[in-house]
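Undergrad: Before I ask anything, here is the structure I am working with.
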Amino acid sequence: MTGFGKHAIQLPSKKITVELKSLNSKNLDINARLPQSYREKELELRKAISESLQRGKVDFSLHVEITGEETTTEVNQGVVKEYMQQLKEITDGDDLKLLEMALRLPDTLKTNGGDINESEFKAIQEALKKALSAINNFRLTEGKVLEDDFNLRIGNIEALLDQIKAIDPDRLATIREKLEKAVSELQVEVDANRFEQELIYYLEKYDITEEKVRLANHLAYFKSTLDSKESNGKKLGFICQEIGREINTIGSKANFAPMQQLVVQMKDELEKIKEQMLNVL
């Protein structure tokens, strides 16, 4: 699921900001961006994220802003002097100009990483915890919106199924009438008993009683699974497949324009559910 979480902490000499962004993904994929001096703690931070976020393409950023007088970057004086000496052999110029040129060359600055003290790392962990809480709240809010939409779509399919049940007797009567009319237009004598048997056999092929029952059960199962406290995204996906199978069978057996129109509306509602299923854990 998509989400965003951010938290900043102010230490005596630096401000540390933890930021998390997530996009839809079948698996958990963490992309971490940390200053070099904090890389030694990356595995611990990744573990904390993976324990909280089960799925998604997650961008994790740790920003450090020095607010005090300390700095971890120093001028590499020996390298700068050597550059200036070599530049003097190549071109004439005053020392200030040569210094400007030398500082643009590689390795003139060096960073003293140092070890992260325990209190600082605990502060980072606390900031990460709060950022994770924020992103999970974001996801919960989005999940509630999805839940409401799923219930709406399933309710619409149930209402359409009720309409199908209501017109089913008229459908069979219309099919029977069409067959009887077609036979009468042949202007040949037929055995009434044999015709009735064949007619019953033919109508049985168009019977959708089992499909209506199974579809109603699948819709009820979807709602009960949706209410579960556990992560059931894959199960909901499988139930959607079964719902689609029953809708398709009803459509293939319908042979009745008003019912086929209802089936098309059912398929439209189911497609909207499937589009949102990618956002569900």
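Taken together, the values in this text are just the output of simple stated rules run on the coordinates, not laboratory data. Everything numeric here is computed off the predicted structure, so don't read it as measured data. FYI the Cβ positions are ideal-geometry reconstructions off the backbone, even for glycines, and counts take in every protein chain you see.
Undergrad: Normalise the Debye intensity by I(0) for segment 33-163, one equal point scatterer per Cα, no solvent, then take log10 at q = 0.14 Å⁻¹ and round to two decimals.
TA: Rounded to two decimals, the profile gives -0.84.
Undergrad: With a Förster radius of 45 Å, plug the Cβ-Cβ distance of N117 and K97 into 1/(1 + (r/R0)^6) and report the FRET value to the nearest 0.05.
TA: In this case the efficiency is close to 0.60.
Undergrad: In whole Hz, with x marking every Gly and Pro, tabulate ³J(HN,Hα) for segment 152-166 from phi via Karplus 6.51 cos²θ - 1.76 cosθ + 1.60, θ = phi - 60°.
TA: With coefficients 6.51, -1.76 and 1.60, one gets 5, 5, 5, x, 5, 5, 4, 5, 5, 5, 4, 5, 5, 4, 5 Hz.
Undergrad: Using only Cα atoms, find the angle between the long axis of helix 42-52 and the longest principal axis of the chain, and express it within 0 to 90 degrees, rounded to the nearest 10.
TA: 30
Undergrad: Something else about it: Tell me, in nm to one decimal, what length is gained between S37 and Y206 on full extension, where the rule is 0.36 nm per residue of separation less the Cα-Cα distance?
TA: 53.7 nm
Undergrad: What are the residues whose amide H is under 5 Å from the amide H of F256, where those residues sit 5 or more places off or on another chain and H is modelled from the backbone?
TA: none
Undergrad: List the residues whose amide H sits under 5 Å from the amide H of L28, counting only those 5 or more places along or on another chain, with H placed 1.01 Å from N in the peptide plane.
TA: So L28 has HN proximity to G56.
Undergrad: Taking DSSP loops as anything outside H, G, I, E and B, show the longest stretch in the chain free of GluC sites (Glu not before Pro) there with at most 16 other beta carbons within 10 Å.
TA: 71-188
Undergrad: For the chain, what is the mean residue ellipticity at 222 nm derived from helices alone (per DSSP H run of n ≥ 4: -39500 (n - 2.57); sum divided by total residues; nearest 500 deg cm²/dmol)?
TA: -22000 deg cm²/dmol
Undergrad: Short version: what are the Cα gyration tensor semi-axes of the chain, square root of 5 times each eigenvalue, largest first, in whole Å?
TA: 74, 22, 13
Undergrad: Work out, step by step, the length gained on full extension between K178 and A216: first 0.36 nm times the residue separation, then minus their alpha carbon distance; give nm to one decimal.
TA: Additional length available on full extension: 10.7 nm.
Undergrad: I've got another one for you. Taking a threshold of 18 Å on the Cα-Cα distance, which of the pairs K178/K205; K47/K234; K212/K274; K129/K234 fall above it?
TA: In this structure, K47/K234; K212/K274; K129/K234 exceed 18 Å between Cα atoms.
Undergrad: So if a site counts as exposed when it's one of the trypsin sites (Lys or Arg not before Pro), its DSSP state isn't H, G, I, E or B, and it has at most 13 other Cβ atoms within 10 Å, what's the longest stretch of the chain without one?
TA: 105-204
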